[in-house]
Amino acid sequence: MKIFNRSRRPVSRRGRILQIIAVALVLSTMFAVSVFAADGEAADAFYGTFWSLVPPIVAIVLALITKEVYSSLFIGILVGGLFYSHFSFEGTMNHIFVDGFVGSLSDSWNVGILVFLVILGAMVSLMNKAGGSAAFGRWAAKRIHSRTGAQVATIILGILIFVDDYFNCLTVGSVMRPVSDEANVSRAKLAYLIDATAAPICIIAPVSSWAAAVSGYVGDGQGIAAFIKAIPFNFYAILTVVMMFALLALKLEYGPMKKQEDAAKDGDLFGGLNPYVDSKLENEINPKGRVLDLVLPVVLLIICCVIGLMYTGGLFSGADIVTSFSDSDASVGLMLGGVVALVVTVIYMMIRGVLNFKKCMSSLTEGFVAMVPAILILVFAWTLKSMTDSLGSTAFVESIMASAEGLTHFLPAMVFVLAVVISFATGTSWGTFGILIPITLAAFPLTTSLGVVCMSAAMAGAVCGDHCSPISDTTIMASAGAQCEHVTHVNTQLPYALTVAGVSLVSYIIAGFVPIAYVTLPIAIVLMVLVLVIIKLIQGKKTA
(Lines give C-alpha, C1' and ligand atoms only; values in the text may rest on other atoms or scores of the structure.)
Protein backbone atom coordinates (compact mmCIF):
# COMPACT_ATOMS: atom_id res chain seq x y z
CA MET A 1 0.00 0.00 0.00
CA LYS A 2 1.53 3.28 -1.10
CA ILE A 3 1.00 6.34 1.09
CA PHE A 4 2.08 9.78 -0.02
CA ASN A 5 3.62 11.61 2.96
CA ARG A 6 4.11 15.23 2.09
CA SER A 7 4.32 17.44 5.14
CA ARG A 8 3.71 20.65 3.22
CA ARG A 9 1.43 21.57 0.31
CA PRO A 10 2.49 24.35 -2.08
CA VAL A 11 0.35 27.46 -1.82
CA SER A 12 -1.23 28.44 -5.13
CA ARG A 13 -1.40 31.99 -6.43
CA ARG A 14 -5.11 32.03 -5.70
CA GLY A 15 -4.38 30.84 -2.15
CA ARG A 16 -1.91 33.69 -1.60
CA ILE A 17 -4.45 36.20 -2.88
CA LEU A 18 -7.11 34.82 -0.54
CA GLN A 19 -4.71 35.01 2.39
CA ILE A 20 -3.87 38.65 1.57
CA ILE A 21 -7.59 39.48 1.27
CA ALA A 22 -8.31 37.77 4.58
CA VAL A 23 -5.62 39.71 6.42
CA ALA A 24 -6.76 42.94 4.77
CA LEU A 25 -10.34 42.31 5.91
CA VAL A 26 -9.21 41.73 9.47
CA LEU A 27 -7.07 44.86 9.50
CA SER A 28 -9.82 46.98 7.96
CA THR A 29 -12.34 45.65 10.49
CA MET A 30 -10.02 46.48 13.36
CA PHE A 31 -9.39 49.96 11.93
CA ALA A 32 -13.09 50.63 11.41
CA VAL A 33 -13.94 49.47 14.90
CA SER A 34 -11.20 51.62 16.39
CA VAL A 35 -13.10 54.66 15.16
CA PHE A 36 -16.10 53.62 17.25
CA ALA A 37 -13.78 53.07 20.20
CA ALA A 38 -12.58 56.65 20.22
CA ASP A 39 -14.24 57.25 23.55
CA GLY A 40 -15.21 54.94 26.43
CA GLU A 41 -18.93 55.37 25.88
CA ALA A 42 -18.73 54.14 22.30
CA ALA A 43 -16.42 51.28 23.26
CA ASP A 44 -18.96 50.05 25.79
CA ALA A 45 -21.28 49.45 22.85
CA PHE A 46 -19.27 46.29 22.09
CA TYR A 47 -20.70 44.50 25.13
CA GLY A 48 -23.77 42.37 24.51
CA THR A 49 -23.92 43.20 20.80
CA PHE A 50 -23.06 41.44 17.57
CA TRP A 51 -19.48 42.64 18.08
CA SER A 52 -19.14 40.01 20.82
CA LEU A 53 -19.24 37.32 18.12
CA VAL A 54 -16.80 39.07 15.76
CA PRO A 55 -13.59 37.56 17.30
CA PRO A 56 -14.59 33.90 16.73
CA ILE A 57 -16.05 34.76 13.31
CA VAL A 58 -12.71 36.32 12.32
CA ALA A 59 -10.83 33.25 13.57
CA ILE A 60 -13.10 30.83 11.71
CA VAL A 61 -13.05 32.75 8.43
CA LEU A 62 -9.26 33.04 8.52
CA ALA A 63 -8.87 29.35 9.33
CA LEU A 64 -11.05 28.33 6.40
CA ILE A 65 -9.32 30.71 3.98
CA THR A 66 -5.67 30.39 5.03
CA LYS A 67 -5.85 26.69 6.08
CA GLU A 68 -3.75 27.65 9.13
CA VAL A 69 -5.34 27.26 12.56
CA TYR A 70 -2.92 28.67 15.13
CA SER A 71 -2.43 32.15 13.66
CA SER A 72 -6.16 32.37 12.81
CA LEU A 73 -7.14 31.62 16.39
CA PHE A 74 -4.61 34.07 17.75
CA ILE A 75 -5.85 36.87 15.48
CA GLY A 76 -9.39 36.18 16.71
CA ILE A 77 -8.13 36.35 20.30
CA LEU A 78 -6.30 39.60 19.49
CA VAL A 79 -9.48 41.16 18.07
CA GLY A 80 -11.38 40.15 21.23
CA GLY A 81 -8.67 41.60 23.45
CA LEU A 82 -8.67 44.88 21.53
CA PHE A 83 -12.45 45.17 21.77
CA TYR A 84 -12.46 44.45 25.50
CA SER A 85 -9.64 46.88 26.37
CA HIS A 86 -10.96 49.67 24.11
CA PHE A 87 -7.78 49.31 22.02
CA SER A 88 -5.41 49.90 24.93
CA PHE A 89 -2.06 48.14 24.43
CA GLU A 90 -1.57 47.35 28.10
CA GLY A 91 -5.18 46.31 28.58
CA THR A 92 -5.10 44.09 25.50
CA MET A 93 -1.93 42.30 26.62
CA ASN A 94 -3.29 41.72 30.13
CA HIS A 95 -6.66 40.50 28.92
CA ILE A 96 -5.21 38.14 26.31
CA PHE A 97 -2.40 36.59 28.34
CA VAL A 98 -3.48 36.99 31.97
CA ASP A 99 -7.25 36.64 31.70
CA GLY A 100 -7.13 34.51 28.55
CA PHE A 101 -4.23 32.06 28.27
CA VAL A 102 -3.28 31.93 31.95
CA GLY A 103 -6.92 31.93 33.00
CA SER A 104 -7.70 29.02 30.69
CA LEU A 105 -4.68 27.02 31.84
CA SER A 106 -5.40 27.70 35.51
CA ASP A 107 -8.98 26.49 35.21
CA SER A 108 -9.14 23.13 36.99
CA TRP A 109 -11.67 21.68 34.52
CA ASN A 110 -9.46 22.56 31.55
CA VAL A 111 -6.34 21.17 33.23
CA GLY A 112 -8.14 17.90 33.94
CA ILE A 113 -9.04 17.57 30.27
CA LEU A 114 -5.44 18.28 29.22
CA VAL A 115 -4.12 15.66 31.65
CA PHE A 116 -6.65 13.18 30.28
CA LEU A 117 -5.47 13.89 26.72
CA VAL A 118 -1.85 13.26 27.71
CA ILE A 119 -2.91 10.00 29.37
CA LEU A 120 -4.75 8.94 26.23
CA GLY A 121 -1.71 9.80 24.14
CA ALA A 122 0.45 7.68 26.45
CA MET A 123 -2.06 4.80 26.26
CA VAL A 124 -2.02 4.93 22.45
CA SER A 125 1.78 4.93 22.48
CA LEU A 126 1.84 1.94 24.84
CA MET A 127 -0.59 -0.04 22.69
CA ASN A 128 1.38 0.71 19.54
CA LYS A 129 4.77 -0.09 21.10
CA ALA A 130 3.41 -3.35 22.46
CA GLY A 131 2.22 -4.22 18.96
CA GLY A 132 -1.44 -4.29 19.98
CA SER A 133 -2.63 -1.95 17.22
CA ALA A 134 -0.69 -3.84 14.55
CA ALA A 135 -2.00 -7.18 15.86
CA PHE A 136 -5.56 -5.90 15.83
CA GLY A 137 -5.04 -4.64 12.29
CA ARG A 138 -3.85 -8.09 11.20
CA TRP A 139 -6.76 -9.75 13.00
CA ALA A 140 -9.32 -7.37 11.53
CA ALA A 141 -7.82 -7.62 8.04
CA LYS A 142 -8.67 -11.33 8.02
CA ARG A 143 -12.30 -10.59 8.90
CA ILE A 144 -12.95 -7.18 7.34
CA HIS A 145 -12.39 -7.44 3.61
CA SER A 146 -14.01 -4.27 2.33
CA ARG A 147 -14.01 -0.52 2.78
CA THR A 148 -17.67 -0.72 3.80
CA GLY A 149 -16.89 -3.28 6.48
CA ALA A 150 -14.13 -1.11 7.95
CA GLN A 151 -16.44 1.89 8.09
CA VAL A 152 -19.32 -0.08 9.63
CA ALA A 153 -16.93 -1.41 12.30
CA THR A 154 -15.80 2.16 13.04
CA ILE A 155 -19.39 3.37 13.39
CA ILE A 156 -20.38 0.50 15.68
CA LEU A 157 -17.33 0.97 17.90
CA GLY A 158 -18.03 4.70 18.08
CA ILE A 159 -21.62 4.05 19.13
CA LEU A 160 -20.49 1.57 21.80
CA ILE A 161 -18.08 4.09 23.35
CA PHE A 162 -20.73 6.60 24.38
CA VAL A 163 -19.37 7.68 27.76
CA ASP A 164 -17.48 10.77 26.62
CA ASP A 165 -16.67 12.41 23.29
CA TYR A 166 -12.96 13.03 24.00
CA PHE A 167 -12.51 9.44 25.06
CA ASN A 168 -14.51 8.30 22.04
CA CYS A 169 -12.44 10.27 19.53
CA LEU A 170 -9.02 9.10 20.59
CA THR A 171 -9.98 5.53 21.47
CA VAL A 172 -11.87 4.84 18.24
CA GLY A 173 -9.09 6.50 16.29
CA SER A 174 -6.31 4.42 17.81
CA VAL A 175 -8.24 1.17 17.40
CA MET A 176 -9.60 1.69 13.88
CA ARG A 177 -6.70 3.46 12.14
CA PRO A 178 -4.90 0.22 11.23
CA VAL A 179 -8.15 -1.33 9.99
CA SER A 180 -9.24 1.66 7.92
CA ASP A 181 -5.73 2.09 6.50
CA GLU A 182 -5.68 -1.54 5.40
CA ALA A 183 -9.07 -1.07 3.72
CA ASN A 184 -7.90 2.15 1.98
CA VAL A 185 -10.37 4.39 3.79
CA SER A 186 -9.16 7.99 3.75
CA ARG A 187 -8.12 9.60 7.03
CA ALA A 188 -10.65 12.36 6.29
CA LYS A 189 -13.50 9.80 6.17
CA LEU A 190 -12.21 8.12 9.31
CA ALA A 191 -12.14 11.50 11.07
CA TYR A 192 -15.72 12.16 9.97
CA LEU A 193 -16.94 8.79 11.26
CA ILE A 194 -15.15 9.39 14.57
CA ASP A 195 -16.57 12.90 14.92
CA ALA A 196 -20.06 11.77 13.91
CA THR A 197 -20.10 9.06 16.58
CA ALA A 198 -18.66 11.28 19.32
CA ALA A 199 -20.82 14.25 20.32
CA PRO A 200 -23.93 13.10 18.36
CA ILE A 201 -23.91 9.79 20.24
CA CYS A 202 -23.04 11.26 23.64
CA ILE A 203 -25.91 13.76 23.39
CA ILE A 204 -28.47 10.95 23.07
CA ALA A 205 -26.86 8.62 25.65
CA PRO A 206 -28.36 9.03 29.15
CA VAL A 207 -25.21 7.51 30.68
CA SER A 208 -22.57 9.96 29.51
CA SER A 209 -20.67 13.04 30.57
CA TRP A 210 -22.86 15.05 28.20
CA ALA A 211 -26.04 13.93 29.92
CA ALA A 212 -24.46 15.00 33.19
CA ALA A 213 -23.59 18.42 31.75
CA VAL A 214 -27.08 19.02 30.32
CA SER A 215 -28.81 17.88 33.50
CA GLY A 216 -26.84 20.48 35.42
CA TYR A 217 -28.72 23.24 33.60
CA VAL A 218 -32.15 21.84 34.53
CA GLY A 219 -33.42 22.60 38.02
CA ASP A 220 -35.57 20.70 40.51
CA GLY A 221 -33.64 17.46 40.06
CA GLN A 222 -35.31 16.79 36.70
CA GLY A 223 -32.11 16.84 34.65
CA ILE A 224 -31.81 13.21 33.57
CA ALA A 225 -35.59 12.83 33.12
CA ALA A 226 -35.66 15.93 30.90
CA PHE A 227 -32.64 14.68 28.97
CA ILE A 228 -34.37 11.36 28.21
CA LYS A 229 -37.59 13.11 27.12
CA ALA A 230 -35.59 15.27 24.70
CA ILE A 231 -33.80 12.36 22.98
CA PRO A 232 -36.51 11.60 20.33
CA PHE A 233 -36.50 15.27 19.30
CA ASN A 234 -32.72 15.47 18.95
CA PHE A 235 -32.96 15.34 15.19
CA TYR A 236 -29.39 16.33 14.36
CA ALA A 237 -27.84 13.56 16.46
CA ILE A 238 -30.23 10.84 15.28
CA LEU A 239 -30.08 11.91 11.63
CA THR A 240 -26.28 11.96 11.72
CA VAL A 241 -26.33 8.27 12.60
CA VAL A 242 -28.91 7.63 9.87
CA MET A 243 -26.76 9.49 7.36
CA MET A 244 -23.61 7.48 8.10
CA PHE A 245 -25.35 4.18 7.36
CA ALA A 246 -27.25 5.65 4.39
CA LEU A 247 -24.01 6.89 2.81
CA LEU A 248 -22.61 3.37 2.97
CA ALA A 249 -25.81 1.77 1.70
CA LEU A 250 -26.03 4.18 -1.23
CA LYS A 251 -22.25 4.09 -1.83
CA LEU A 252 -22.40 7.88 -1.85
CA GLU A 253 -19.67 10.44 -1.27
CA TYR A 254 -19.85 14.08 -2.33
CA GLY A 255 -18.02 17.36 -1.93
CA PRO A 256 -14.37 17.44 -0.82
CA MET A 257 -14.84 14.05 0.87
CA LYS A 258 -15.32 12.39 -2.52
CA LYS A 259 -11.92 13.66 -3.65
CA GLN A 260 -10.31 12.29 -0.49
CA GLU A 261 -11.99 8.91 -0.88
CA ASP A 262 -11.07 8.66 -4.56
CA ALA A 263 -7.44 9.38 -3.68
CA ALA A 264 -7.54 6.81 -0.85
CA LYS A 265 -8.57 4.07 -3.28
CA ASP A 266 -5.23 4.69 -5.02
CA GLY A 267 -3.32 4.51 -1.72
CA ASP A 268 -3.16 8.23 -0.84
CA LEU A 269 -4.92 8.12 2.55
CA PHE A 270 -4.05 11.72 3.47
CA GLY A 271 -5.02 13.50 0.29
CA GLY A 272 -1.39 14.52 -0.13
CA LEU A 273 -0.93 16.04 3.34
CA ASN A 274 0.18 13.98 6.36
CA PRO A 275 0.79 16.15 9.44
CA TYR A 276 1.83 13.06 11.42
CA VAL A 277 4.57 12.00 9.01
CA ASP A 278 7.20 12.33 11.76
CA SER A 279 5.06 10.78 14.50
CA LYS A 280 6.70 7.84 16.21
CA LEU A 281 3.32 6.46 17.16
CA GLU A 282 2.67 5.32 13.58
CA ASN A 283 5.97 3.44 13.19
CA GLU A 284 6.25 1.32 16.34
CA ILE A 285 5.80 -2.40 15.56
CA ASN A 286 6.35 -5.16 18.09
CA PRO A 287 6.25 -8.75 16.74
CA LYS A 288 5.23 -9.99 20.21
CA GLY A 289 2.01 -7.98 20.11
CA ARG A 290 -1.38 -9.62 20.46
CA VAL A 291 -4.91 -8.35 19.98
CA LEU A 292 -5.33 -8.51 23.76
CA ASP A 293 -2.61 -5.84 24.08
CA LEU A 294 -5.04 -3.39 22.48
CA VAL A 295 -8.42 -4.70 23.60
CA LEU A 296 -7.56 -5.02 27.30
CA PRO A 297 -6.25 -1.44 27.74
CA VAL A 298 -9.27 -0.05 25.85
CA VAL A 299 -11.78 -2.06 27.92
CA LEU A 300 -9.88 -1.17 31.08
CA LEU A 301 -9.95 2.50 30.15
CA ILE A 302 -13.71 2.39 29.55
CA ILE A 303 -14.40 0.67 32.88
CA CYS A 304 -12.08 2.94 34.85
CA CYS A 305 -13.50 6.11 33.27
CA VAL A 306 -17.09 5.04 33.97
CA ILE A 307 -16.19 4.29 37.59
CA GLY A 308 -14.28 7.58 37.79
CA LEU A 309 -17.29 9.54 36.55
CA MET A 310 -19.62 7.86 39.05
CA TYR A 311 -17.06 8.35 41.84
CA THR A 312 -17.07 12.10 41.31
CA GLY A 313 -20.88 11.99 41.39
CA GLY A 314 -20.91 10.40 44.84
CA LEU A 315 -21.51 6.72 43.98
CA PHE A 316 -19.35 5.57 46.88
CA SER A 317 -20.96 8.09 49.21
CA GLY A 318 -24.46 6.64 48.96
CA ALA A 319 -25.73 8.11 45.66
CA ASP A 320 -27.48 5.82 43.18
CA ILE A 321 -26.09 5.20 39.68
CA VAL A 322 -28.34 7.71 37.89
CA THR A 323 -27.62 10.45 40.44
CA SER A 324 -23.89 9.75 40.40
CA PHE A 325 -23.83 10.25 36.62
CA SER A 326 -25.96 13.40 36.73
CA ASP A 327 -23.72 14.93 39.42
CA SER A 328 -20.41 13.73 37.94
CA ASP A 329 -17.44 15.91 37.07
CA ALA A 330 -16.28 14.74 33.63
CA SER A 331 -12.88 16.41 33.88
CA VAL A 332 -11.93 14.87 37.23
CA GLY A 333 -13.64 11.53 36.59
CA LEU A 334 -11.96 10.93 33.23
CA MET A 335 -8.60 12.03 34.58
CA LEU A 336 -8.77 9.69 37.59
CA GLY A 337 -10.04 6.82 35.49
CA GLY A 338 -7.31 7.43 32.93
CA VAL A 339 -4.55 7.45 35.55
CA VAL A 340 -5.68 4.13 37.02
CA ALA A 341 -6.00 2.58 33.56
CA LEU A 342 -2.54 3.84 32.58
CA VAL A 343 -0.86 2.42 35.69
CA VAL A 344 -2.54 -0.96 35.30
CA THR A 345 -1.68 -1.04 31.59
CA VAL A 346 2.00 -0.37 32.32
CA ILE A 347 2.04 -3.20 34.87
CA TYR A 348 0.28 -5.50 32.40
CA MET A 349 2.75 -4.72 29.59
CA MET A 350 5.71 -5.42 31.87
CA ILE A 351 4.23 -8.70 33.15
CA ARG A 352 3.51 -9.76 29.56
CA GLY A 353 7.12 -9.02 28.70
CA VAL A 354 6.26 -7.03 25.58
CA LEU A 355 7.67 -3.78 27.01
CA ASN A 356 10.25 -3.05 29.65
CA PHE A 357 9.98 -0.26 32.22
CA LYS A 358 12.11 2.16 30.19
CA LYS A 359 9.96 1.82 27.06
CA CYS A 360 6.80 2.23 29.13
CA MET A 361 8.09 5.47 30.60
CA SER A 362 9.19 6.79 27.21
CA SER A 363 5.58 6.33 26.08
CA LEU A 364 4.56 9.10 28.48
CA THR A 365 6.68 11.71 26.73
CA GLU A 366 5.89 10.39 23.25
CA GLY A 367 2.18 10.42 24.03
CA PHE A 368 2.47 14.00 25.23
CA VAL A 369 4.34 15.04 22.09
CA ALA A 370 1.70 13.40 19.89
CA MET A 371 -1.01 15.41 21.67
CA VAL A 372 0.77 18.78 21.48
CA PRO A 373 -1.07 19.97 18.31
CA ALA A 374 -4.46 19.13 19.84
CA ILE A 375 -3.50 20.68 23.19
CA LEU A 376 -2.32 23.89 21.52
CA ILE A 377 -5.53 24.29 19.54
CA LEU A 378 -7.61 23.56 22.66
CA VAL A 379 -5.79 26.22 24.67
CA PHE A 380 -6.25 28.75 21.85
CA ALA A 381 -9.93 27.80 21.52
CA TRP A 382 -10.55 28.13 25.27
CA THR A 383 -8.84 31.53 25.27
CA LEU A 384 -10.96 32.66 22.32
CA LYS A 385 -14.09 31.59 24.21
CA SER A 386 -13.01 33.65 27.22
CA MET A 387 -12.67 36.67 24.91
CA THR A 388 -16.21 36.08 23.62
CA ASP A 389 -17.60 35.67 27.14
CA SER A 390 -15.97 38.87 28.34
CA LEU A 391 -17.67 40.77 25.51
CA GLY A 392 -21.13 39.65 26.67
CA SER A 393 -22.12 37.09 24.05
CA THR A 394 -24.65 35.66 26.52
CA ALA A 395 -26.42 39.00 26.87
CA PHE A 396 -26.55 39.33 23.08
CA VAL A 397 -28.18 35.91 22.73
CA GLU A 398 -30.71 36.73 25.46
CA SER A 399 -31.72 39.87 23.59
CA ILE A 400 -32.28 37.86 20.41
CA MET A 401 -34.44 35.35 22.27
CA ALA A 402 -36.50 38.14 23.82
CA SER A 403 -37.24 39.57 20.38
CA ALA A 404 -38.59 36.20 19.19
CA GLU A 405 -41.80 36.39 21.22
CA GLY A 406 -44.89 35.90 19.07
CA LEU A 407 -43.26 33.28 16.85
CA THR A 408 -44.14 30.38 19.12
CA HIS A 409 -44.42 27.60 16.55
CA PHE A 410 -41.16 28.59 14.87
CA LEU A 411 -39.28 28.88 18.16
CA PRO A 412 -37.73 25.34 18.06
CA ALA A 413 -36.28 26.07 14.61
CA MET A 414 -35.04 29.48 15.79
CA VAL A 415 -33.44 27.95 18.89
CA PHE A 416 -31.75 25.35 16.69
CA VAL A 417 -30.30 27.98 14.34
CA LEU A 418 -29.20 30.19 17.22
CA ALA A 419 -27.51 27.24 18.93
CA VAL A 420 -25.71 26.35 15.70
CA VAL A 421 -24.41 29.92 15.34
CA ILE A 422 -23.25 30.20 18.96
CA SER A 423 -21.61 26.77 19.04
CA PHE A 424 -19.96 27.31 15.66
CA ALA A 425 -18.62 30.71 16.68
CA THR A 426 -17.44 29.73 20.15
CA GLY A 427 -16.46 26.13 19.44
CA THR A 428 -18.21 24.75 22.50
CA SER A 429 -21.38 22.70 22.89
CA TRP A 430 -21.43 22.80 26.66
CA GLY A 431 -21.10 26.57 26.74
CA THR A 432 -24.02 26.81 24.32
CA PHE A 433 -26.09 24.54 26.58
CA GLY A 434 -25.36 26.86 29.47
CA ILE A 435 -26.55 29.88 27.52
CA LEU A 436 -29.66 28.56 25.77
CA ILE A 437 -31.21 25.83 27.92
CA PRO A 438 -31.98 28.09 30.93
CA ILE A 439 -33.45 30.71 28.56
CA THR A 440 -35.66 28.22 26.68
CA LEU A 441 -36.88 26.60 29.89
CA ALA A 442 -37.76 30.00 31.30
CA ALA A 443 -39.91 30.69 28.23
CA PHE A 444 -41.37 27.19 27.92
CA PRO A 445 -41.29 24.92 31.01
CA LEU A 446 -40.73 21.19 30.59
CA THR A 447 -44.39 20.60 31.47
CA THR A 448 -45.24 21.90 27.99
CA SER A 449 -44.59 19.93 24.80
CA LEU A 450 -42.73 22.84 23.20
CA GLY A 451 -40.46 23.05 26.25
CA VAL A 452 -39.07 19.59 25.55
CA VAL A 453 -38.73 20.31 21.82
CA CYS A 454 -36.94 23.63 22.43
CA MET A 455 -34.55 22.06 24.93
CA SER A 456 -33.75 19.33 22.43
CA ALA A 457 -33.32 21.93 19.67
CA ALA A 458 -30.77 23.74 21.83
CA MET A 459 -28.83 20.52 22.35
CA ALA A 460 -29.04 19.49 18.69
CA GLY A 461 -27.98 22.92 17.44
CA ALA A 462 -25.08 23.01 19.89
CA VAL A 463 -23.81 19.65 18.63
CA CYS A 464 -24.31 20.72 15.01
CA GLY A 465 -22.32 23.93 15.45
CA ASP A 466 -19.68 22.01 17.38
CA HIS A 467 -19.55 19.48 14.55
CA CYS A 468 -18.95 22.20 11.95
CA SER A 469 -16.60 24.50 13.86
CA PRO A 470 -12.86 24.29 13.22
CA ILE A 471 -12.20 25.58 16.75
CA SER A 472 -14.37 22.95 18.45
CA ASP A 473 -12.53 20.74 20.91
CA THR A 474 -14.41 17.66 19.69
CA THR A 475 -13.53 18.42 16.06
CA ILE A 476 -9.92 18.86 17.12
CA MET A 477 -9.98 15.54 18.98
CA ALA A 478 -11.48 13.76 15.96
CA SER A 479 -8.63 15.07 13.80
CA ALA A 480 -6.12 13.91 16.40
CA GLY A 481 -7.80 10.52 16.79
CA ALA A 482 -7.74 9.85 13.05
CA GLN A 483 -4.37 11.59 12.71
CA CYS A 484 -5.85 13.64 9.89
CA GLU A 485 -4.85 17.17 8.93
CA HIS A 486 -7.27 19.37 10.89
CA VAL A 487 -8.40 21.76 8.15
CA THR A 488 -8.87 18.81 5.79
CA HIS A 489 -11.19 17.21 8.33
CA VAL A 490 -13.19 20.43 8.72
CA ASN A 491 -13.53 21.00 4.97
CA THR A 492 -14.58 17.43 4.18
CA GLN A 493 -17.00 17.14 7.09
CA LEU A 494 -18.75 20.48 6.61
CA PRO A 495 -20.96 19.54 3.59
CA TYR A 496 -22.13 16.38 5.37
CA ALA A 497 -22.90 18.23 8.59
CA LEU A 498 -24.75 21.01 6.75
CA THR A 499 -26.86 18.43 4.90
CA VAL A 500 -28.04 16.96 8.21
CA ALA A 501 -28.48 20.47 9.62
CA GLY A 502 -30.80 21.45 6.76
CA VAL A 503 -33.02 18.41 7.26
CA SER A 504 -32.99 18.99 11.03
CA LEU A 505 -34.12 22.59 10.56
CA VAL A 506 -37.10 21.49 8.48
CA SER A 507 -37.87 18.84 11.09
CA TYR A 508 -37.90 21.43 13.89
CA ILE A 509 -40.30 23.60 11.90
CA ILE A 510 -42.61 20.59 11.67
CA ALA A 511 -42.11 19.79 15.37
CA GLY A 512 -43.09 23.34 16.27
CA PHE A 513 -46.56 22.64 14.91
CA VAL A 514 -46.70 18.91 15.72
CA PRO A 515 -44.61 18.32 18.88
CA ILE A 516 -45.20 14.56 18.86
CA ALA A 517 -42.04 12.44 18.67
CA TYR A 518 -43.50 9.34 17.02
CA VAL A 519 -44.82 11.58 14.22
CA THR A 520 -41.96 13.99 13.61
CA LEU A 521 -39.02 11.58 14.03
CA PRO A 522 -40.11 9.15 11.26
CA ILE A 523 -40.77 12.13 8.99
CA ALA A 524 -37.26 13.46 9.72
CA ILE A 525 -35.65 10.08 8.95
CA VAL A 526 -37.55 9.75 5.67
CA LEU A 527 -36.53 13.29 4.68
CA MET A 528 -32.88 12.52 5.46
CA VAL A 529 -32.81 9.41 3.29
CA LEU A 530 -34.76 11.18 0.52
CA VAL A 531 -32.25 14.07 0.41
CA LEU A 532 -29.34 11.63 0.09
CA VAL A 533 -31.12 9.73 -2.69
CA ILE A 534 -31.64 13.02 -4.55
CA ILE A 535 -27.95 13.90 -4.14
CA LYS A 536 -27.08 10.45 -5.49
CA LEU A 537 -29.31 10.94 -8.52
CA ILE A 538 -27.90 14.42 -9.23
CA GLN A 539 -24.37 13.10 -8.91
CA GLY A 540 -25.19 10.27 -11.29
CA LYS A 541 -26.49 12.69 -13.94
CA LYS A 542 -23.32 14.79 -13.69
CA THR A 543 -21.06 11.79 -14.25
CA ALA A 544 -23.21 10.32 -17.02
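Worth a mention:
- Other residues within the sphere of radius under 15 Å centred on the Cβ of Q539, judged by their own Cβ, net out at +3 (K and R +1, D and E -1).
- Cβ-based net charge around P200, under 10 Å, with every Lys or Arg adding one and every Asp or Glu removing one: -3
- Simple label model, 7 Å out from Cα along Cβ direction - I228 to Y70, nm: 4.8 nm
- The E90 and L292 beta-carbon pair, evaluated with R₀ = 51 Å, returns a calculated FRET efficiency of approximately 0.30.
- The simple spin-label model puts a point 7 Å past each Cα toward its Cβ; for K265 and T408 those points are separated by 5.4 nm.
- Of all accessible heavy-atom area on segment 42-145, the percent that carbon and sulfur account for (1.4 Å): 69 percent
- Backbone N within segment 510-544 under 14 Å of label point (7 Å from K258 Cα along the Cβ vector): 532-544
- Accessible surface calculations at 1.4 Å, restricted to protein heavy atoms, place segment 410-544 at 32 Å² per residue.
- Whole-Å distance, taken between Cα centres, linking segment 45-61 and segment 352-370: 44 Å
- Distance violations [Cα-Cα > 25 Å] among K142/K251; K142/K359; K259/K536; K142/K536; K189/K536; K258/K542: K142/K359; K142/K536
- Using 0.36 nm per residue and subtracting the Cα-Cα separation, the extra length available between S317 and I303 on full extension is 3.1 nm.
- Between K251 and V514, the FRET efficiency estimated from the beta carbon spacing at R0 = 25 angstrom works out to 0.15.
- Label-point separation, K541 to R352 (7 Å along Cα→Cβ), nm: 5.5 nm
- Accessible area per residue for segment 123-198, computed on protein heavy atoms with a 1.4 Å probe, is 25 Å².
- Within-15-Å neighbourhood charge of Y254 [Cβ basis; K, R +1; D, E -1]: +4
- Here r is the Cβ-Cβ distance between S399 and V111 and R0 is 41 Å; the resulting FRET efficiency, rounded to 0.05, is 0.75.
- Using the average count of surrounding beta-carbon atoms within 10 Å as a protection proxy, the listed peptides 225-237, 242-254 rank, highest first, as 225-237, 242-254.
- Protection-proxy order for peptides 528-535, 153-160, 454-461, each taking the mean of Cβ atoms within 10 Å per residue, highest first: 454-461, 153-160, 528-535
The values are calculated or read from the model by the stated rules, or taken from the named source; none is laboratory data. Keep in mind the model is a prediction, meaning the values are calculated, not measured. All Cβ positions, even for glycine, are placed from backbone atoms using ideal geometry, and neighbour counts span all protein chains on display. With ligands, DNA and RNA removed, areas are computed over all heavy atoms of the protein, side chains included. Shrake-Rupley method; radii C 1.70, N 1.55, O 1.52, S 1.80 Å.
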